Amino acid sequence: MANCAIVGINWGDEGKGRMVDLIAADYDVVVRYQGGNNAGHTVVNEYGKFALHLLPSGIFRKGVVNVLGNGAVIDPEKLLEEIEETRSKGVPVSPDNLKVSDRAPIVFPYHRDQDVLEEARLADAKYGSTKRGIAPVYGDKYMKKTIMLGELFYPDYLKKRLEGILAWKNLTLKNVYGGKPYSLEEVWDWLMTYGEKIKPYLCDTGAYLRSLDGKKNILFEAQLGVLRDVDFGIYPYTSSSAPLAAYAPIGAGMPGAKLDKVIGVVKAYSTCVGEGPFTAEWFGEDADKLREAGAEYGAATGRPRRVGPMDIVATRYGVIMQGATEVALTKIDILSYMDQIPVCVQYELDGRKTDDFPFPAAIGAAKPVIEYMPGWQCDISGCRSFGELPKAAQEYVDFIEKRIGCPITNISVGAARDAIIRR
Ligand code: GDP
């Protein structure tokens, strides 16, 4: 029996959902352990195309139990919408295959409002939030002013806490932002409408998972990537949670659990959604061409993603911070149009070349050092073994593997489940 985490080693959107959907066949449970419905994990399979925001990407696999852990934050209204939408495409979703932690904080409508108001206040200095209320709810969690979903089972206790929290929150909404305050009645009504419907899914998921540890195969699915980690990412252009594999046991409620395997996912080129330094970024025609080729538009927001070549400095840092035991390289098929393929191999900072990922305040000044690899210029989406790839594509994979210091065990050549080369 094994525990495995599938995590991002760049800015997010690396293709984790696609890898979880593929690998979930070998696992009994898939756990989302951090983040909220700001995620957009794209999965293409026999049911169709999905952009999963909260539901773990194991939801399509028969017999797999999916868990939203205590480290995630849940907007019950959005979760119900997603359950309905997924069901409408023929995917069974019920308390048999979906369990939600009773300890997960609730994302309220006022968190969404606060997110919008704060981004507007920041104007040009905005972080590029997805405006789903994620930063405000994580902030409130550490201020000890969120409601855990399980409090729905204790209505008197819940109402009293909610009243106190609202009095506090309204001060900020009204006096800081000039926004709309919320009455206890309207928030209570919202909670009764949506929270009540979530109740059947709630349980002590930590206890459930601890009872399976060592007996069943558990897969942890991360949202975002290392460069968005609140501790080790490009702060403050980060998420408010910890997309690290090391956080998976905590966010799942099984702090003593060990990870046998960590699969770091990265694209064959770089993309970044939102603001902040992105050293190897391309602009103009080159960027437009790659963005179009890779359909690089945010799954959660539709925003055009920033694009650039593979960034070895960022990716090696990602491998190290994730403790990745292996790497899945996705979307290499997208590079097929290029006659030569640029790779950012080092950064130049203060007149010196470096392999080390810089401190957040310093990274803005870094310049990419580019090397070129030969392109292959043919369709590789039908390749199913490493040997079938053209020589130049094999060399590209080997080059990256060597530079990032981690074996590349999966090479994805298309969005569909079977478009994969496993080594
Ligand atoms: P995630 O958030 O890490 O799950 O990644 P996203 O879903 O945001 O982005 C990955 C996108 O690339 C999705 O649209 C996938 O369907 C697509 N995709 C994943 N792997 C491949 C691949 O190897 N080739 C191609 N062409 N598309 C892929």
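Considering the range 16-52 alone, what residues qualify as being near the ligand (Cβ under 10 Å from one of its atoms), within 9 Å of the chain's Cα centre (by Cα) and not in a strand (DSSP E or B)?
If the condition is that a residue be near the ligand (Cβ under 10 Å from one of its atoms), within 9 Å of the chain's Cα centre (by Cα) and not in a strand (DSSP E or B), then Lys16, Gly17, Ala39, Gly40 are the ones that fit.
Right, Glu82: within 16 Å of the ligand (Cβ to nearest atom), assigned to a helix (DSSP H, G or I) and surrounded by fewer than 21 Cβ atoms within 10 Å (Cβ to Cβ) or not?
Criteria met by Glu82.
Would you check which residues across the range 91-118 are in contact (Cβ under 8 Å) with a residue 40 or more places away in the chain and open to solvent by 10 Å² or more (accessible area, probe 1.4 Å) and list them?
Answer for the range 91-118, where residues must be in contact (Cβ under 8 Å) with a residue 40 or more places away in the chain and open to solvent by 10 Å² or more (accessible area, probe 1.4 Å): Pro95, Lys99, Asp102, Arg103, Pro109, Asp113, Gln114, Leu117, Glu118.
Mind telling me which of the residues Lys174, Lys199 ends up being in a helix (DSSP H, G or I) and farther than 23 Å from Ile74 by Cβ?
Lys174
So the check is Cβ under 6 Å with 6+ separation or different chains; which pairs have a first residue in the range 402-423 that's within 10 Å of the ligand (Cβ to nearest atom) and a second one that's open to solvent by 70 Å² or more (accessible area, probe 1.4 Å) and assigned to a strand (DSSP E or B)?
Asn410/Arg422
Which ones in the range 165-180 are within 22 Å of Tyr142 (Cα to Cα) and either outside the structural domain of Lys141 (by TED's automatic domain parsing) or open to solvent by 60 Å² or more (accessible area, probe 1.4 Å) (or both)?
Ala167, Trp168, Leu171, Lys174, Asn175, Val176
Ala300 - would you say it is open to solvent by less than 20 Å² (accessible area, probe 1.4 Å) and either within 12 Å of the ligand (Cβ to nearest atom) or of a type in the set (Lys, Arg) (or both)?
It is false that Ala300 is open to solvent by less than 20 Å² (accessible area, probe 1.4 Å) and either within 12 Å of the ligand (Cβ to nearest atom) or of a type in the set (Lys, Arg) (or both).
How about the range 261-378: which helices (runs of 4 or more DSSP H) wholly inside it have at least 1 residues that are under 30 Å from Leu55 (Cα atoms)?
Correct list: 284-294, 312-322.
Considering each of Tyr138, Tyr194 in turn, give the residue that is buried (at least 17 other Cβ atoms within 10 Å of the Cβ), touching a Leu at 6+ places or on another chain (Cβ under 8 Å) and not hydrophobic (A, V, I, L, M, F, W, C).
Tyr194
The values are calculated or read from the model by the stated rules, or taken from the named source; none is laboratory data. Just so it is clear, the structure is predicted and the values come from calculations on it, not from any experiment. Cβ coordinates were reconstructed from backbone atoms using ideal geometry, including for glycine residues, and neighbour counts include every protein chain displayed. The accessibility values were calculated without ligands, DNA or RNA, using every heavy atom of the protein model including side chains. Shrake-Rupley method; radii C 1.70, N 1.55, O 1.52, S 1.80 Å.
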